[in-house]
1. Obtain the nm distance between the two label points defined at ASN72 and ALA6 by a simple spin-label model: each point lies 7 Å from its Cα along the Cα-to-C-beta direction.
2. Using per-residue counts of other Cβ atoms within 10 Å, averaged over each peptide, order 91-98, 80-87, 16-23 from highest down.
3. So what's Rg/Rh here for the stretch 2-138, counting alpha carbon atoms and using the Kirkwood radius for Rh?
4. Among residues other than ILE19 whose Cβ falls under 15 Å from its Cβ, what is the net charge (Lys/Arg +1, Asp/Glu -1)?
5. Any chance you could run the full-extension gain for SER97 through LYS61? It's 0.36 nm times the residue separation minus the Cα-Cα distance, nm to one decimal.
6. Considering the dipole of the stretch 2-138 built from charges on the beta carbon (Lys and Arg +1, Asp and Glu -1) around the Cα centre, which of GLY63, ASN23, HIS47 is farthest to its positive end?
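The numbers here are math on the coordinates, done by the rules we state, and not lab data. In this text the structure is predicted, and so the values were computed from the model without any measurement. Glycine also receives a Cβ, built like all others from the backbone with ideal geometry; neighbour counts cover every protein chain displayed.
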Amino acid sequence: MTKAVAVRDYIEKELVEAIRNKNAGREADCRQALVSDATVIESGAAHLSQLLRLWTAEVMKRGRARRWVPENTAWDAHAAIKLYHQVAQHSLAHWLSGAAANDLVLAAGFVREHVLNMVSELHGIAGSHAARATAKLRSPHA
């Protein structure tokens, strides 16, 4: 991420210099690079948002199946949904960052336990997909 910011800063400085020197070709190249960069960032954010929605739905499904919390009343159901969202957000962020399990700091041990459980699930899902992809690549009929 730091390298991407440094590259963007460099391009912005180049753009200012191109405008100052009235170099229309270089200015156009810099503007195009900045537009492309913004498009990539927006696309990545959209993919991350979709991934979080899908993972939240999966966490809700697994949490309900494992009966993490009772959902007998409207208040219980609201609290459960809040828990599922919190666990999904923290587990996905933790898994994507690749931080060590000890680095995960949450106030409630109950939430932390479920987050670590879901991080483990994410590792299992990724490992399963990697194994299938490897098998397909090795297959002569892939």
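1. 5.9 nm
2. 80-87, 91-98, 16-23
3. Values: Rg = 22.0 Å, Rh = 18.5 Å.
Result for the stretch 2-138 is an Rg/Rh of 1.19.
4. 0
5. Here the segment from SER97 to LYS61 would lengthen by 10.6 nm.
6. After comparing all options, I get GLY63.
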